[in-house]
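The values are calculated or read from the model by the stated rules, or taken from the named source; none is laboratory data. Everything numeric here is computed off the predicted structure, so don't read it as measured data. Cβ placement follows ideal geometry from the backbone for every residue including glycine, while neighbour counts extend to all protein chains displayed.
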Amino acid sequence: MTNHGFGIIGCGMIAEFHARAILEIPAARVVAAWSRNPANGQKIAAIAGGGCSIHDDLDRMLETPGLDVVCVCSPSGAHLEPALRAAAAGKHVVVEKPLEITVGRCDAIITACAAANVGLCTIFPSRFAPANLLLKKAIDAGRFGRLTLGDTHVKWWRTQAYYDSGGWRGTWALDGGGALMNQAIHNIDLLAWLMGDVATVTALTGTLAHERIEVEDTAVAALRFRNGALGVIEAATSAFPGLHKRIEIHGDQGSARVEQDDVTLWEFRDPHEGDAPIKEAIASRSSGNSGASDPRGISHEGHRAQLADFLAAIDAGRPPLVDGREGRRAVEIIRAIYRSAETRASVDLPISDPLAPAS
């Protein structure tokens, strides 16, 4: 594997997961970090284990010798500018979810990376969880028959202190949304990856358990997929004490459920030999890492697997498993949900969504 030097832009909580993940990838290391807060930069440098320079000038950081990949870990609505500058500097670009907060801003990043001939991926580590890979394999093999229903439930809890802890949290301009855009987006991505593109959404949202935020803490949406199947999204940061996230796939020949990181339902009309160990694991399952009530209560293993795939894609000259267009899809679904809730009408996809942040 080629040696790769990473720069991390934005050194808040999620940057720590990136740094720990990079540390576990052979031939990869964090060589630079950019932060407006020197203490946060020092924290990332300490995780990186030496050799990481700290910068408050982004252009200087991008000139760091050996740096060829950047991880954009700034607030969601501030992904565009650093991604464009990194691409212009010829660096491969990793963007923490969401890719950006409008479809137009996502498109600007995708276009810039393509023009600069650099790689681009959006961080969706749930795609690399073994349970979700099992689901995808079963769908691709046709085991569900005709897909009929797909739903996801992310009923989490965030304290008021969580939203008060940063001036960007809970704002349209920088958070880009609430429980949908920040928390449930992982499972919304999974649902579209498993069920296919969404054709229509009808939604309601509310801010029911928090103060001083502009965005939703509770949302429900009904979906029609392009293949004719129906679906439901429930998302919340208002559900004390916070429950494990869940995704369910149903068809006329089978049903399956993944709760957190475990398969908890696996039933098909035509059994396969490989079903037995899955059912045995269901009987003795243990709950996986959860961000249901604590944003830090997740593992960096998914990040490690995804960043390793991105480096392998760079070395092989192939697209990564989760590229910019995959990241764009989840944002488009969420923006359509917001539009439906605002207009009290169904919204068909694709949507026209400008470059400017939501107002």
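Among the residues of the stretch 84-118 satisfying the criterion of being polar (S, T, N, Q) and part of a loop (DSSP other than H, G, I, E, B), which is nearest to ASN182 (Cα to Cα)? Give the steps one after another, and end with the answer.
Taking the stretch 84-118 as the starting set, the residues that turn out to be polar (S, T, N, Q) are 102, 111, 117.
Cutting the leftovers down to part of a loop (DSSP other than H, G, I, E, B) gives us 102, 117.
On the way: THR102: 13, ASN117: 29 Å.
For the stretch 84-118, the residue satisfying everything is THR102.
Here is a yes/no grid of residues against (1) part of a helix (DSSP H, G or I); (2) among the aliphatic types (A, V, I, L, M):
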position	(1), (2)
VAL30	no, yes
ASN40	yes, no
GLY50	no, no
MET61	yes, yes
THR64	no, no
SER74	no, no
Checklist entry - How many of the residues making up the stretch 248-261 are within 24 Å of LEU180 (Cβ to Cβ) and either touching a Gly at 6+ places or on another chain (Cβ under 8 Å) or not assigned by TED's automatic domain parsing to the domain that holds MET195 (or both)? => result 5
Checklist entry - Which ones in the stretch 148-188 are closer than 13 Å to ARG246 by Cα, among the β-branched types (Val, Ile, Thr) and not in a helix (DSSP H, G or I)? => result THR152, VAL154
Checklist entry - Hey, does the stretch 207-215 have a residue that's crowded, with 20+ Cβ neighbours inside 10 Å, within 13 Å of THR152 (Cβ to Cβ) and at pLDDT 95 or above? => result no
Item to check | Hits in the stretch 189-227 (condition: in a loop (DSSP other than H, G, I, E, B), of a type outside the set (Lys, Arg) and in contact with a strand residue (DSSP E or B) (Cβ under 8 Å, 6 or more places away or on another chain)) | outcome: GLY196, ASP197, THR207, LEU208, ALA209, HIS210, GLU216, ASP217, ASN227
Item to check | Lone qualifier among ALA87, ALA45 - being in the same structural domain as CYS11 (by TED's automatic domain parsing), under 20 Å from ARG304 (Cα atoms) and in contact with a Cys (Cβ under 7 Å, 6 or more places away or on another chain) | outcome: ALA45
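For the stretch 131-165, how many residues are within 24 Å of ALA19 (Cβ to Cβ) and under 21 Å from the mean Cα position of the chain (by Cα)? If you could, list the steps in order and put the result at the bottom.
Kept after step one, since they are within 24 Å of ALA19 (Cβ to Cβ), are these residues of the stretch 131-165: 158, 162, 165.
Add one more test, that the residue is under 21 Å from the mean Cα position of the chain (by Cα), and what stays is 158, 162.
So the answer is 2.
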